[in-house]
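Below is one structure, written out as structure tokens; comments come after it.
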Amino acid sequence: MRWNNIRYMYIRSHLYGFVLITFLLLAILLSVYVWFRPEWLDVQAVLFFMTTYACIGFIMSVYAGFQSSTGIKQRMDRLSMLIKLLSRGDFSARVEADHQDEMTGLAEDLNELGEKLQKQKDSIVKVADERAELAKSAHKAATIEERQRLARDLHDAVSQQLFALTMMAQATEKIFDKKPDKAKHQLHEITQMALQAQTEMRALLLHLRPVYLSGESLSEGVHSLIEELKQKCSVQFFVDIEDNLNLSDTSEEHVFRVLQEALSNILRHANASTVHVKMSVVDDRVFVHIGDNGIGFRAEDKQATKASYGLKTMRERCEEIGGDFSIRSREGEGTHIDMRVPRLREDIG
């Protein structure tokens, strides 16, 4: 590689010129010797002249090549250093263009490139700051919207049920002695309403559970959540999660949040006795299935109801991480949610 650098290329070019001139001069001397045969020109004189010329010419060619390449090599080194600085992100670096040749044009182009890259860097930083501010605003808006939804759910469901329980309890107290059979029937209804209110509260509290896995893997977080629900409700859970799902942290948290939303909807609306949760690896994706044996619904009608907010949120979370979301439900046949989420590419194989 050393013999191919710019300095040795210049020296070789001068030596090529020297060799060419040597042969040309030798040809001229031989022609004069053959045609005119002057007395002062003999073989010894030709050999002496050519030997002297070769020694001096070789030294001068090397020296001239070295000297003429010094300036161009220094300029090439400055351009090379500028390119290295630009590649490292130092877009403010510049090189002085003090000649009027092709390398000066190259230096000016590199300086212009550095200026454009600096402007693009400033624009990217500005956009990143703006996106960070928008993300904060969106997070704040989403938090407020979620709180408002929970407040509406508490008012529409639990608060009204508690009010009805109070009214029925007061009415039952008044007729307890006079109409014991009717009072017993109302007590049964009070018990059912209390159980329903309790289920609603558990589902709403599930929304308030920390969204982040707090260092746990997705599998560990799901099992912890299911064990917690098993202790608080009578629903049977069947969980089947493969090892090595290889999802990014963001994908794991989104899948976990979708699972929370789905389980909350099942507890509140499905009236199910069994729930199946399955996560498996299919090719380069993770397949997630959440199904129940509840009352089900007509999907085309559900989208127009208040509960469709949760389904919309689940779909948006799934699509945000590049996944596919689908839901199947029929009245009396339960509800089934399927997701396919991309795995980490470097871990596939």
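Brief remarks on what is shown
- Residue satisfying all of: in the range 29-47; without any contact (Cβ under 8 Å) to a residue 12 or more places away in the chain, surrounded by 10 or more Cβ atoms within 10 Å (Cβ to Cβ) and part of a helix (DSSP H, G or I); nearest to the chain's Cα centre (by Cα) among these: Leu47
- Inspection of the range 157-166 identifies at least one residue that is β-branched (Val, Ile, Thr) and modelled with pLDDT under 75.
- Selection from the range 321-337 of residues that are farther than 15 Å from Val286 by Cα and not β-branched (Val, Ile, Thr): Arg328, Ser329, Arg330, Glu331, Gly332, Glu333, Gly334, His336
- Residue match in the range 73-92 (condition: aromatic (Phe, Trp, Tyr) and either over 28 Å from Glu112 (Cα atoms) or part of a helix (DSSP H, G or I) (or both)): no
- Filtered residues of the range 48-88 (kept if open to solvent by 80 Å² or more (accessible area, probe 1.4 Å), at pLDDT 85 or above and in contact with a helix residue (DSSP H, G or I) (Cβ under 9 Å, 6 or more places away or on another chain)): Phe58, Met60, Ile83
- The number of residues in the range 93-120 being part of a helix (DSSP H, G or I) and either at pLDDT 80 or above or over 24 Å from Arg78 (Cα atoms) (or both) comes to 17.
- Search result, residues across the range 121-156 that are modelled with pLDDT under 80 and among the β-branched types (Val, Ile, Thr): Val125, Thr143, Ile144
- One residue stands out among those in the range 321-349 that are open to solvent by 30 Å² or more (accessible area, probe 1.4 Å) and at positive phi: the one that is modelled with the lowest pLDDT, which is Gly349.
- The set of residues in the range 220-251 that are under 17 Å from Arg340 (Cα atoms) and open to solvent by 30 Å² or more (accessible area, probe 1.4 Å) comprises Asp240, Glu242, Asp243, Asn244, Asn246, Ser248, Asp249, Thr250.
The values are calculated or read from the model by the stated rules, or taken from the named source; none is laboratory data. Model, not experiment: these values are computed from the prediction. With ideal geometry, Cβ positions are generated from the backbone for all residues, glycine too; neighbour counts draw on all protein chains shown. Protein only, heavy atoms only, side chains kept; ligands, DNA and RNA dropped before computing areas. Shrake-Rupley method; radii C 1.70, N 1.55, O 1.52, S 1.80 Å.
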